[in-house]
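Working notes for the structure below.
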Amino acid sequence: MTNAVEDVKPKLSDVLYEARTQKGLSLETLAEKLNLSVSQLQKLESDTLNLSELTTFERGYLRNYASLLEIEIESYQAAFPDGMEVGSDLQPIHRFSYKSSKPILSKSWVKLLIFIFLVAAIVWGISLLEIDFSQTDVATTLEQATDIKLPDLIP
């Protein structure tokens, strides 16, 4: 009699689907949390899910999915294969993987080049203003500035 009750238990794929919809979660949200694709989760929720044909990776995906949905799957573990065959048709989701390098301003040769450019710009600006830094006495510099004669405008 107990075997008849156990045979009536719902399919794990249906239990996963029901738990997900009761929690109001979308496949996209769960796929992002589990780092799986939506199609992988759809496969776990499909009616064609055969627990005896799951690979090691697929069992791991299934356990993580059930754990996230707070479902106990111990009663289904008897249907899992023994784990001798390792491999998977499921593929990990590929995130954007650009080769990242250091920003150009973090390179020391660029910093040196900018420093040299700034020093050259300051020297060039000072030479345009014709400021004489050879004078050490401020009073002498002020006298020279006040000794400037303006041309006579009245004949």
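The values are calculated or read from the model by the stated rules, or taken from the named source; none is laboratory data. Only a predicted model underlies this, so the values are computations on that prediction, with no experimental measurement involved. In this analysis, Cβ positions are derived from the backbone assuming ideal geometry, glycine residues included, and neighbour counts consider all displayed protein chains.
Do you know which residues across the range 49-80 are within 29 Å of the chain's Cα centre (by Cα), part of a helix (DSSP H, G or I) and not hydrophobic (A, V, I, L, M, F, W, C)?
Within the range 49-80, THR56, GLU58, ARG59, GLY60, TYR61, ARG63, ASN64, TYR65, SER67 qualify.
A count restricted to the range 59-109 and to residues that are at pLDDT 70 or above and either surrounded by 10 or more Cβ atoms within 10 Å (Cβ to Cβ) or within 20 Å of LEU27 (Cα to Cα) (or both) stands at 21. Identify, please: which residue in the range 1-35 is modelled with pLDDT under 85, among the aliphatic types (A, V, I, L, M) and outside any helix (DSSP H, G or I) and is, among those, surrounded by the fewest Cβ atoms within 10 Å (Cβ to Cβ)? Filtering the range 1-35 for residues that are modelled with pLDDT under 85, among the aliphatic types (A, V, I, L, M) and outside any helix (DSSP H, G or I), the one surrounded by the fewest Cβ atoms within 10 Å (Cβ to Cβ) comes out as MET1.
Just give me the residues in the range 25-79 being free of Cβ contacts under 8 Å to residues at least 60 places away in the same chain, within 16 Å of VAL15 (Cα to Cα) and β-branched (Val, Ile, Thr), in sequence order. Selection gives THR48, ILE71.
Can you tell me which residue within the range 41-58, out of those that are in contact with a Pro (Cβ under 9 Å, 6 or more places away or on another chain) and crowded, with 18+ Cβ neighbours inside 10 Å, is farthest from THR21 (Cα to Cα)? Looking at the filtered set, the residue picked out is LEU54.
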